[in-house]
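Peer 1: Structure provided below as structure tokens; questions to follow.
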Amino acid sequence: MLRELLPAAGPLVYVQHVEREGERLLAGARELRLEGVVAKRADSAYAPGRTGSWLKFKVEETADFVVIGVADPSKETFGRASLVLATGTNHGLRYTGRAAIGRNELEALADVVP
């Protein structure tokens, strides 16, 4: 039924039933730069809401940054303080962006950031 409901093109893609190949499927999603995959117990029904029968595995991307400062809360960081980030280049540091942080992280930084 799901295959018939989903459009041929769009943000959701129907994938044939796959057993015991979840890691390969997630690796393929990573290569295609997709958000991730959803696993469902084969014997579970399609039910609204969150159940333990469905699990979402997100593709996570990581990178190393240098923290070059702490910025005051702003509209862009949803009213939260943020770390100002840079990446190392052959010519020094290059501004990359900001990442919002919570109150606990900000308080932990108080010991190392004047």
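Peer 1: Filtering the range 51-89 down to residues that are among the hydrophobic types (A, V, I, L, M, F, W, C) and within 30 Å of LYS40 (Cβ to Cβ), which residue is surrounded by the fewest Cβ atoms within 10 Å (Cβ to Cβ)? Lay out the reasoning, then the answer.
Peer 2: Within the range 51-89, the first condition is being among the hydrophobic types (A, V, I, L, M, F, W, C), and the residues that meet it are 54-55, 57, 59, 63, 65-68, 70-71, 78, 81, 83-86.
Those left that are additionally within 30 Å of LYS40 (Cβ to Cβ): 54-55, 57, 59.
On the way: TRP54: 14, LEU55: 12, PHE57: 15, VAL59: 15.
Looking at the filtered set, the residue picked out is LEU55.
So that you can scan it fast, the table gives a plain yes or no per residue for (1) over 18 Å from the mean Cα position of the chain (by Cα); (2) among the small types (Gly, Ala, Ser); (3) outside the structural domain of LEU12 (by TED's automatic domain parsing):
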residue	(1), (2), (3)
GLU23	no, no, no
LEU26	no, no, no
ARG33	no, no, no
TYR46	yes, no, no
VAL70	yes, no, yes
PHE78	no, no, yes
GLY88	yes, yes, yes
GLY92	yes, yes, yes
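Peer 1: Determine if the range 25-36 includes at least one residue that is in contact with a Lys or Arg (Cβ under 6 Å, 6 or more places away or on another chain), surrounded by 10 or more Cβ atoms within 10 Å (Cβ to Cβ), of a type outside the set (Lys, Arg) and not in a helix (DSSP H, G or I).
Peer 2: Pass one, the range 25-36, residues in contact with a Lys or Arg (Cβ under 6 Å, 6 or more places away or on another chain): 36.
Checking the rest, the ones that are also surrounded by 10 or more Cβ atoms within 10 Å (Cβ to Cβ) come to 36.
Right, trim to of a type outside the set (Lys, Arg) and you get 36.
From the residues that got through so far, the ones that are not in a helix (DSSP H, G or I) too are 36.
Scanning the range 25-36, I find at least one residue that is in contact with a Lys or Arg (Cβ under 6 Å, 6 or more places away or on another chain), surrounded by 10 or more Cβ atoms within 10 Å (Cβ to Cβ), of a type outside the set (Lys, Arg) and not in a helix (DSSP H, G or I), so the answer is yes.
Peer 1: Could I ask something else about it? For residues that are under 29 Å from LEU32 (Cα atoms) and either part of a loop (DSSP other than H, G, I, E, B) or not aliphatic (A, V, I, L, M) (or both), tally how many sit in the range 78-114. Steps first, please.
Peer 2: Filtering the range 78-114 for residues under 29 Å from LEU32 (Cα atoms) gives 85-89, 94-100.
Now drop any that are not either part of a loop (DSSP other than H, G, I, E, B) or not aliphatic (A, V, I, L, M) (or both), which leaves 87-89, 94-98.
Residues that pass the stated criteria total 8.
Peer 1: Go through the residues of the range 57-73 one by one and say whether even a single one is part of a loop (DSSP other than H, G, I, E, B), farther than 30 Å from VAL15 by Cα and in contact (Cβ under 8 Å) with a residue 24 or more places away in the chain. Even if it seems obvious, please write down each step before you answer.
Peer 2: Residues of the range 57-73 part of a loop (DSSP other than H, G, I, E, B): 59-65, 72-73.
In the following step, the residues that additionally are farther than 30 Å from VAL15 by Cα were identified as 64-65, 72-73.
Imposing the further condition that a residue be in contact (Cβ under 8 Å) with a residue 24 or more places away in the chain reduces the set to 65.
Yes - at least one qualifying residue is present in the range 57-73.
Peer 1: Moving on to the next point. Contact list please: Cβ distance under 9 Å, first residue in the range 91-114 and without any contact (Cβ under 8 Å) to a residue 40 or more places away in the chain, second residue in a helix (DSSP H, G or I), pairs at least six apart or on different chains.
Peer 2: So the pair list comes out as ARG98/GLU76; ARG98/THR77; ALA99/THR77; ALA100/GLU76; ALA100/THR77; ILE101/THR77; ILE101/LEU109.
Peer 1: State the number of residues belonging to the range 8-23 that are surrounded by 10 or more Cβ atoms within 10 Å (Cβ to Cβ) and either assigned to a helix (DSSP H, G or I) or touching an Asp or Glu at 6+ places or on another chain (Cβ under 8 Å) (or both).
Peer 2: Qualifying residue count, the range 8-23: 1.
The values are calculated or read from the model by the stated rules, or taken from the named source; none is laboratory data. None of these values were measured; they are calculated from a predicted model. Heads up, the Cβs are rebuilt from the backbone with ideal geometry, glycines too, and the neighbour counts pull from every protein chain shown.
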